[in-house]
Amino acid sequence: MSESSSTPSQTSGSRLHEGDDDHDLTDSDLTEGLDLGFDGAEDVLRAWRRGMRPDADLTVSEWADAHRWLSSRASAEPGRYRTARTPYLRAIMDALSPSHPAQRISFMKAAQVGATEAGNNWIGFVIHHAPGPMLAVLPTVEMAKRTSRGRIDTLIEDSPALKERVSPARSRDAGNSMLSKEFPGGILVLTGANSATGLRSMPARYVFLDEVDAYPASADEEGDPVTLAEARTTTFAHRRKVFMVSTPTIRGLSRIEREFEASDQRRYFVPCPHCGHRQWLQFERLRWAKGRPETATYHCEGCERSIAEHHKTEMLARGEWRATAVSADPTAIGFHLSALYSPIGWKSWEQIARDWLAAQGSDDMLRAARNTLLGETWIESGEAPEWQRLADRRITFPEQIPAGGLFLTAGADVQKDRIEVDVWAWGRGLESWLVDHIVIPGGPDDTACWDKLTALLGQTWTHENGAVMTLAKLAIDTGYESAAVYAWARKQGIAQVAPVKGLEGFNRVTPVSGPTFVDATVNGRKLKRGARLWTVATATFKAETYRYLRIERPSDEDRALGATNPAGTIHLPDWADSEWLKQLVAEQLVTIRDRRGYARQEWQKLRERNEALDARVYARAAAWILGADRFDERMWRQLEKQAGVETATGAAAKNEPEIPSAPEAGRITAPRRRGWKISTPRYME
């Protein structure tokens, strides 16, 4: 609020009673009869005028355009701040204004699109127009100190409206220190997310959380920094504002992605200069000639015409934010922006193309590019395909077991109120088909439940060629109610049932080890070495499953030329519903760093239920226990003969007649011939 200089006798009128000309009072009216000849009378009257004049009703963006100046020390474009330079920030800043109903505003964005400056504008607005206690949180206390020196001090020093409200840092006034800035009606406190003391030091009406994905998992072992900071706003109820900003990091660990996905997910729609079609810019539509990033142009999704970058300024000016989802909390809104929106003179489309090409071949560089250019999370090597894509690839099996399936294994996942079993058929190259999904109600404390599982061991499934198969091996998880599982497994023997225990981590010599004898409790009596237990590196088989799910199938043209499915291809039947598919891709491999900075990878759930993935891992472990990873050509030919299958691979490998035999289809046997012997593990004999 600028203040014009005046004397007591020359002041302009301040209206105390609107709408009645008889009551329009000026300074002279109100000071009539008073002696204003003393020193400081003009200062008193100036203070009176300031108190009586209502504040201008400005939004944060309007305040920034009117009062914000950028310093050459902190900006590549010093001078008066212009929201028109980055028009996509206008709605974000205005959502931070007191008149806007939003209370939680999240901004997931690419690097260097002006987000931090928008937050600094908010700080300036609060100091000048809406004073109150404000907390600004950076990833560390050291970063908070650097921000105070490099950004906040220059923000105050270069904006006259703020300079007159905050005492200089070099003064004796303790109200302006490195991490604390007092102003009339409020205080700004800066702290680090690694300081629990700083996060719970005061109540706050406003909270600015910058780069939240760089925050530690816990602040001094006292809990999530975001939760601790937000707790400071409780007493301000509907008047609070929480602004979260960050470049995202890893899917499943990213705080800003979690906030954005819980919001109304606003995206900036800009018009095509050719057809006017409004769209939000996506990297897939930025195209360039092979090896020539300088030819990069954006292709409109409406008319498919290429858009040159010089159109971007007008496109941004005419853009608008649109919600693409419905937020469960009506006071929570979210924004997403990629580097494709960077104004002319910042990050160009050509530079984006160059950076993307330079990142190819390096996971670390691709991760940085995805985070900083696209403003999207990086998915670790355990990337799960979208369940919709799996649904599109489902097929109708001609029979329960397609022709390529040569033996069956099952994985059983024991739950509190049920046992879920998935039956998989396996063929050459560990190509696999989901044959059956069975839910046995009752749980481990129900005798009938175990009886039904026992009956499943004798159940048969029909092969496409007419052969009948039973389960070669069933692997059952012992993680829940292990005593009941051990007791049931002991009754069934070791030929067809394998109790398994999942272990996390990749640093294992073999994905399955054992069996080892463990103590078991049967009818209340403890048996030493009472059960044979296999340990399974579940992380290895989960990564393998997701890798197999991403395998591309041969096209119809390639099949006509004799192409076959790649080894490991997973086939899903048309009866697999959306819930089962979501369970199959319910986990994500993420990288976690401990307090000392050491990284480790672990699987984390993206949703609560994941029984389909667990059952797949156990069925895969059963195939490993049977020796499928080590079968030689003669073993595969034996299995094909049992099933009545003649594959091209098997036919080409035949060079001598087989000994006549007619074992049950899918039964893992070890044919022996004079002078030749299949190497068979003891547990298969």
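The values are calculated or read from the model by the stated rules, or taken from the named source; none is laboratory data. None of these values were measured; they are calculated from a predicted model. Because the Cβ atoms are built from the backbone with ideal geometry, glycine has one as well, and the counts that use them run over all protein chains shown. With ligands, DNA and RNA removed, areas are computed over all heavy atoms of the protein, side chains included. Shrake-Rupley method; radii C 1.70, N 1.55, O 1.52, S 1.80 Å.
One line per residue, one yes/no per condition, for (1) in contact with a Lys or Arg (Cβ under 7 Å, 6 or more places away or on another chain); (2) open to solvent by 10 Å² or more (accessible area, probe 1.4 Å):
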{"site": "P139", "(1), (2)": "no, no"}
{"site": "S167", "(1), (2)": "no, yes"}
{"site": "L188", "(1), (2)": "yes, no"}
{"site": "D210", "(1), (2)": "no, yes"}
{"site": "E222", "(1), (2)": "no, yes"}
{"site": "F236", "(1), (2)": "yes, yes"}
Next item on the list: Answer yes or no as to whether V242 is open to solvent by less than 40 Å² (accessible area, probe 1.4 Å), within 25 Å of V113 (Cβ to Cβ) and modelled with pLDDT of 90 or more.
Entry: yes
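Scan region 60-72 and tell me whether some residue there is under 19 Å from I256 (Cβ atoms), open to solvent by less than 10 Å² (accessible area, probe 1.4 Å) and either of a type in the set (S, T, Y) or in contact with a strand residue (DSSP E or B) (Cβ under 7 Å, 6 or more places away or on another chain) (or both). Write out each step before concluding.
Our first condition is that a residue be under 19 Å from I256 (Cβ atoms); within region 60-72, this holds for none.
Checking region 60-72: not a single residue is under 19 Å from I256 (Cβ atoms), open to solvent by less than 10 Å² (accessible area, probe 1.4 Å) and either of a type in the set (S, T, Y) or in contact with a strand residue (DSSP E or B) (Cβ under 7 Å, 6 or more places away or on another chain) (or both).
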Item checked: Selected residue (only one of V423, V414 is modelled with pLDDT of 95 or more, open to solvent by less than 10 Å² (accessible area, probe 1.4 Å) and either of a type in the set (S, T, Y) or within 30 Å of Y480 (Cβ to Cβ) (or both)) -> V423
Check: Which of (1) in contact with a strand residue (DSSP E or B) (Cβ under 8 Å, 6 or more places away or on another chain); (2) surrounded by 15 or more Cβ atoms within 10 Å (Cβ to Cβ) is the odd one out, the single condition A391 does not satisfy?
Finding: (1)
Next item on the list: Could you please let me know if N120 is open to solvent by less than 20 Å² (accessible area, probe 1.4 Å), touching a helix residue (DSSP H, G or I) at 6+ places or on another chain (Cβ under 6 Å) and among the polar types (S, T, N, Q)?
Entry: yes
Margin query: Can you confirm whether T247 is free of Cβ contacts under 8 Å to residues at least 40 places away in the same chain and either buried (at least 20 other Cβ atoms within 10 Å of the Cβ) or closer than 14 Å to A102 by Cα (or both)?
Written below: no
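Given the criterion free of Cβ contacts under 8 Å to residues at least 60 places away in the same chain and assigned to a loop (DSSP other than H, G, I, E, B), identify the matching residue among A425, A495. Break it down into steps so the answer makes sense when it comes.
Working: A425 fails: assigned to a loop (DSSP other than H, G, I, E, B).
From the options A425, A495, the qualifying one is A495.
Regarding region 476-488, can at least one residue be identified that is assigned to a strand (DSSP E or B), more than 19 Å from L639 (Cβ to Cβ), open to solvent by less than 10 Å² (accessible area, probe 1.4 Å) and in contact (Cβ under 8 Å) with a residue 12 or more places away in the chain?
At the first step, the residues of region 476-488 found to be assigned to a strand (DSSP E or B) are 476-477.
With more than 19 Å from L639 (Cβ to Cβ) added as a condition, the list becomes 476-477.
Subsequent filtering for residues that are open to solvent by less than 10 Å² (accessible area, probe 1.4 Å) retains 476.
Filter once more, keeping what is in contact (Cβ under 8 Å) with a residue 12 or more places away in the chain: 476.
Yes, region 476-488 contains at least one residue that is assigned to a strand (DSSP E or B), more than 19 Å from L639 (Cβ to Cβ), open to solvent by less than 10 Å² (accessible area, probe 1.4 Å) and in contact (Cβ under 8 Å) with a residue 12 or more places away in the chain.
When you look at E664, is it modelled with pLDDT under 90 and part of a loop (DSSP other than H, G, I, E, B), yes or no? Outline the logic, then answer.
Working: modelled with pLDDT under 90: yes; part of a loop (DSSP other than H, G, I, E, B): yes.
When the stated conditions are applied, E664 passes them.
Which of the residues that make up region 278-328 are open to solvent by 30 Å² or more (accessible area, probe 1.4 Å), of a type in the set (A, V, I, L, M, F, W, C) and more than 25 Å from M93 (Cβ to Cβ)?
Residues of region 278-328 that are open to solvent by 30 Å² or more (accessible area, probe 1.4 Å), as a first pass: 278, 280, 282-285, 287-292, 294-295, 297, 299, 301-306, 308-311, 313-314, 317-318, 320-326, 328.
Within this subset, residues satisfying the condition of being of a type in the set (A, V, I, L, M, F, W, C) are 280, 283, 288-289, 303, 308, 317, 321, 323, 325-326, 328.
Residues satisfying the conditions are F283, W288, A289, C303, A308.
Each row is one residue, and each column tells you yes or no for (1) in contact with a strand residue (DSSP E or B) (Cβ under 7 Å, 6 or more places away or on another chain); (2) within 21 Å of A403 (Cβ to Cβ).
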{"position": "K542", "(1), (2)": "yes, no"}
{"position": "Y546", "(1), (2)": "no, no"}
{"position": "R553", "(1), (2)": "no, yes"}
{"position": "S578", "(1), (2)": "no, no"}
{"position": "A586", "(1), (2)": "yes, no"}
{"position": "L589", "(1), (2)": "yes, no"}
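To keep it simple, each residue is scored yes or no on (1) of a type in the set (D, E); (2) farther than 23 Å from N176 by Cβ; (3) more than 23 Å from the chain's Cα centre (by Cα).
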| site | (1), (2), (3) |
| --- | --- |
| F208 | no, no, no |
| Y215 | no, yes, no |
| P225 | no, yes, no |
| A231 | no, yes, yes |
Notebook entry, point to check: What tally of residues in region 193-208 results from selecting those that are touching a Gly at 6+ places or on another chain (Cβ under 9 Å), buried (at least 22 other Cβ atoms within 10 Å of the Cβ) and of a type in the set (G, A, S)?
Noted result: 2
Check: Quick one: would you say I494 is open to solvent by 20 Å² or more (accessible area, probe 1.4 Å), at pLDDT below 90, under 23 Å from L626 (Cα atoms) and hydrophobic (A, V, I, L, M, F, W, C)?
Finding: yes
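Open to solvent by less than 10 Å² (accessible area, probe 1.4 Å), within 22 Å of T227 (Cβ to Cβ) and out of contact with any His (no Cβ under 8 Å at 6 or more places or on another chain): is that true of A110 in this structure? Walk me through it before giving the result.
Values: open to solvent by less than 10 Å² (accessible area, probe 1.4 Å): yes; within 22 Å of T227 (Cβ to Cβ): no; out of contact with any His (no Cβ under 8 Å at 6 or more places or on another chain): yes.
Taking the combined requirement at face value, the residue does not satisfy it.
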Item checked: Residues that are farther than 27 Å from E552 by Cβ and in contact (Cβ under 8 Å) with a residue 60 or more places away in the chain, drawn from region 388-422 -> A410, A412, D413, V414, Q415, K416, E420, V421
Next item on the list: Considering (1) out of contact with any Leu (no Cβ under 6 Å at 6 or more places or on another chain); (2) within 19 Å of N176 (Cβ to Cβ), say which one R90 fails and leave the rest.
Entry: (2)
Note to self: So, in region 332-382, how many residues would count as being surrounded by 15 or more Cβ atoms within 10 Å (Cβ to Cβ), in a loop (DSSP other than H, G, I, E, B) and out of contact with any His (no Cβ under 8 Å at 6 or more places or on another chain)?
What the structure shows: 13
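Can you work out which of the residues in region 540-595 that are acidic (D, E) and closer than 16 Å to L606 by Cα is least open to solvent (accessible area, probe 1.4 Å)? Even if it seems obvious, please write down each step before you answer.
Initially, region 540-595 is screened for residues acidic (D, E), giving 544, 552, 556-558, 574, 577, 579, 587, 594.
Checking the rest, the ones that are also closer than 16 Å to L606 by Cα come to 579, 587.
On the way: E579: 60, E587: 9 Å².
My answer is E587.
Answer yes or no: is there a residue in region 283-290 that is among the acidic types (D, E) and farther than 19 Å from G334 by Cβ. Step through it out loud before you land on a result.
Kept after step one, since they are among the acidic types (D, E), are these residues of region 283-290: 284.
The next check asks that each one be farther than 19 Å from G334 by Cβ; those that pass are 284.
Yes; the residues of region 283-290 include at least one that is among the acidic types (D, E) and farther than 19 Å from G334 by Cβ.
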Item checked: Filter result for E261 (open to solvent by 60 Å² or more (accessible area, probe 1.4 Å) and not basic (K, R)) -> yes
Item checked: Qualifying helices (runs of 4 or more DSSP H) (wholly inside region 222-319; at least 2 residues being among the basic types (K, R)) -> 255-261
Note to self: I'm told R49 meets every condition in (1) modelled with pLDDT under 75; (2) part of a loop (DSSP other than H, G, I, E, B) except one. Can you identify the failing condition by its number?
What the structure shows: (2)
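Considering each of T535, T510 in turn, give the residue that is over 22 Å from the mean Cα position of the chain (by Cα), β-branched (V, I, T), on the phi < 0 side of the Ramachandran plot and at pLDDT below 80.
Values: T535 fails: at pLDDT below 80.
Within the list T535, T510, the selection yields T510.
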Next item on the list: Filter region 428-465 for residues that are outside any helix (DSSP H, G or I), open to solvent by 40 Å² or more (accessible area, probe 1.4 Å) and touching a residue at least 12 places away in the same chain (Cβ under 8 Å) and give the result.
Entry: H437, V439, P441, D445, Q459, T462, E464, N465
Item checked: Residues within region 553-604 that are modelled with pLDDT of 85 or more, over 16 Å from S432 (Cα atoms) and of a type in the set (S, T, N, Q), tallied -> 2
